[in-house]
Amino acid sequence: MSKIKAKYDVIIIGAGSSAYACSIRCAQLGLKTLCVDNLDTNTSSGAFCNAGNVGMITLLESAKLYDTLLNDIDSHGIFAENVSLNLPKMILHKNKILDEINHNVIKIFAEYKIDFINSKASLIAPKIIELSSAHSPSQQIHAKYIILATESIPITIPCTPIDNEFILDSTAALNLTKLPKRLAILGAGVIGLELAAIWNRLGAETTLLEAQETFLGLSDNQISRQAYQIFTEQGLELRLGARVISTKIINKKVLIEYQDADGTHAIRVDKLIVASGRKPNSESLSAPEADLLLDENGYVHVNENCKTNLPGVYAIGDLTLHGPMLSHKGMAEGVFVAEHIAGIGSSSINYNIIPNVIYTEPEIAWIGQTEQALKAIGDRINIGIFPLSINHQPKSVINANGMVKVIACANTDTILGVHIIGCHASELIAQAVLAMEFSASSEDIARIIHSHPSSAEALREAALVIKNKGLNS
Ligand code: AMP
């Protein structure tokens with residue numbers, strides 16, 4: 001065992017998006033920073049900064065282009081003949097983008113003089129981590145502060161053993177180089193739906209098996225109902241209340257058994273993707289003698305300042321139960337913790353105003369409370385809904401499905417929630433984030449002038465509906 005002399009102010013374990021934001025901010029504030037992660041540098045997916053998200057969005061973009069050229073372009077007077085799919089090239093394009101991001105991060109780390117060590121690390125005491133690598137003897141490093149940012153990993157289910165040939169995890173599902181004719185996805189949550197949006201568009205007959213009876217239970221009911229309708233019209237087979245209970249590989253096919261209210265059924269597919277949710281990546285993060293407090297599901301216990309039970313040890317991102325498992329939440333926490341350590345007071349994170357986005361086509365995005373949650377607690381609310389088919393801008397683009405729904409408090413008119421399904425929802429939600437951050441009322445949004453025609457007008461139109469002043473509905 002060798003010891004590296006203490007020279008760091010901060011050690012960050014993890015190199016995902018939360019760790020990235022935290023490392024940069026620490027360095028900007030003059031803290032000598034080390035980032036440690038056990039990256040698989042042979043693959044683009046083992047890269048810095050949440051490769052899964054970027055890979056998913058890049059492939060979805062490619063799949064949308066392909067689908068548009070195949071199915072939606074004629075009405076524009078454009079005839080694209082002999083459109084064909086070169087899947088290995090599409091995956092290479094995605095990996096190239098991930099590599100570029102990787103190189104950029106390495107460059108920025110070097111500019112800020114942030115050290116990086118590629119190794120497995122675990123916390124052994126409040127100010128000490130131990131590095132263990134197959135290639136070198138284990139060693140200890142000290143720092144004044146340690147920030148845990150190892151994010152989350154997929155939940156595995158015993159009946160779907162991942163082999164990444166027939167039964168794939170969500171990372172392998174972004175690296176298929178041969179199109180499966182029949183594909184099943186276990187789990188119709190965010191990741192399952194995003195993967196379905198890619199592979200269904202590329203031509204795989206896609207079936208989603210979801211154990212729960214409700215579809216997208218966390219989003220507003222009206223939005224999830226419309227999403228269900230749009231996705232099934234697109235050819236996605238969505239089986240709700242369908243719990244996968246066993247799988248077998250027979251003759252290079254996956255035989256899946258699932259149970260629903262009518263009994264047990266079986267389907268045979270070329271590939272099964274397991275998207276059964278994620279859990280905090282905390283299993284070997286700390287040695288038992290470190291006494292880091294975790295809950296029974298592996299979440300690291302933190303206070304409102306992201307401090308764990310150990311002095312000088314913080315946890316951020318998917319590791320904690322505060323807020324949703326989303327990269328932008330973790331990045332905000334990374335910046336907050338860096339500033340907290342540096343002693344420059346920044347206000348604590350408002351976990352009620354964090355946008356949620358599902359990168360399907362159309363996209364789904366929301367912020368704040370749902371209609372059903374507000375009604376359940378007896379709040380009096382006003383609702384304005386604007387169907388995107390009426391908006392001039394989305395009409396001129398290919399997919400005009402969807403709606404914007406604004407919910408305001410009936411007494412104060414303050415915006416309590418905004419829910420969008422439609423083209424550019426991930427961008428449009430930014431207006432709602434700003435509005436809610438500044439406690440805007442629906443009247444405030446209704447008075448804002450946007451360029452015309454543009455998608456941006458849709459939120460204003462929904463707010464105008466609350467005042468019965470809608471211009472287009
Ligand atoms: P998310 O946590 O948003 O990624 O969603 C994961 C989804 O997988 C949840 O909606 C779960 O209900 C679903 N799920 C988990 N286990 C099974 C199973 N054995 N069969 C079908 N769906 C499952």
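Here are some notes:
- The Cβ shell under 14 Å around Val404 holds other residues with a net charge of -4, Lys and Arg each +1, Asp and Glu each -1.
- Gain on full extension, evaluated as 0.36 nm per residue between Glu427 and Asn411 minus their Cα-Cα distance, stands at 2.9 nm.
- Whole-number accessible area per residue in Å² for region 167-276, which is evaluated in the context of all protein chains at 1.4 Å: 43 Å²
- Placing a label point 7 Å from the Cα of Lys181 along the Cα-to-Cβ direction, the residues of region 207-245 with a backbone N closer than 17 Å are 207.
- Region 317-437 shape via C-alpha gyration tensor axes, a/c threshold 1.5: oblate
- Within the assembled protein chains, the solvent-accessible surface assigned to Phe215 is about 20 Å², based on a 1.4 Å probe.
- In plain terms, the chain from Asn382 to Glu213 could stretch by 58.0 nm, reckoned as 0.36 nm per residue minus the Cα-Cα distance.
- Arg447 versus Ile153: modelled label distance in nm, points set 7 Å from Cα along the beta carbon direction: 5.4 nm
- The simple spin-label model puts a point 7 Å past each Cα toward its Cβ; for Ala266 and Tyr351 those points are separated by 4.5 nm.
- The residues packed around Val10, meaning those with a beta-carbon under 15 Å from its beta-carbon, carry a net charge of +2 if Lys and Arg are +1 and Asp and Glu are -1.
- R0 of 56 Å, Cβ-Cβ distance Ser439-Asn71: FRET efficiency to nearest 0.05: 0.80
- Region 167-276 - share of DSSP beta bridges that are antiparallel (%, nearest 5): 50 percent
- Positive minus negative residues near Leu123 (Lys, Arg vs Asp, Glu; Cβ under 11 Å): -2
- Helix-derived mean residue ellipticity, 222 nm - over the chain, DSSP H n ≥ 4, -39500 (n - 2.57), to 500: -9000 deg cm²/dmol
- Cross-link partners of Lys405 among lysines (Cα-Cα below 27 Å; sequence separation of 8 or more within a chain): Lys64, Lys329, Lys375, Lys395, Lys467, Lys469
- For region 167-276, the square roots of the Cα gyration tensor eigenvalues, ordered a ≥ b ≥ c, give a/c of at least 1.5 with a/b no greater than b/c, which places it in the oblate category.
- In the chain, the portion of solvent-accessible area held by carbon and sulfur atoms comes to 51 percent [1.4 Å probe, whole percent, DNA, RNA and ligands not counted].
- Scaled against the 2.2 N^0.38 Å expected of a compact globular protein of N residues, the Cα radius of gyration of the chain reads 1.04.
The values are calculated or read from the model by the stated rules, or taken from the named source; none is laboratory data. None of these values were measured; they are calculated from a predicted model. A quick note on method: Cβ atoms are made from the backbone with ideal geometry, for glycine too, and the neighbour counts reach across all protein chains shown. Heavy atoms of the whole protein, side chains included, go into the accessibility calculation; ligands, DNA and RNA do not. Shrake-Rupley method; radii C 1.70, N 1.55, O 1.52, S 1.80 Å.
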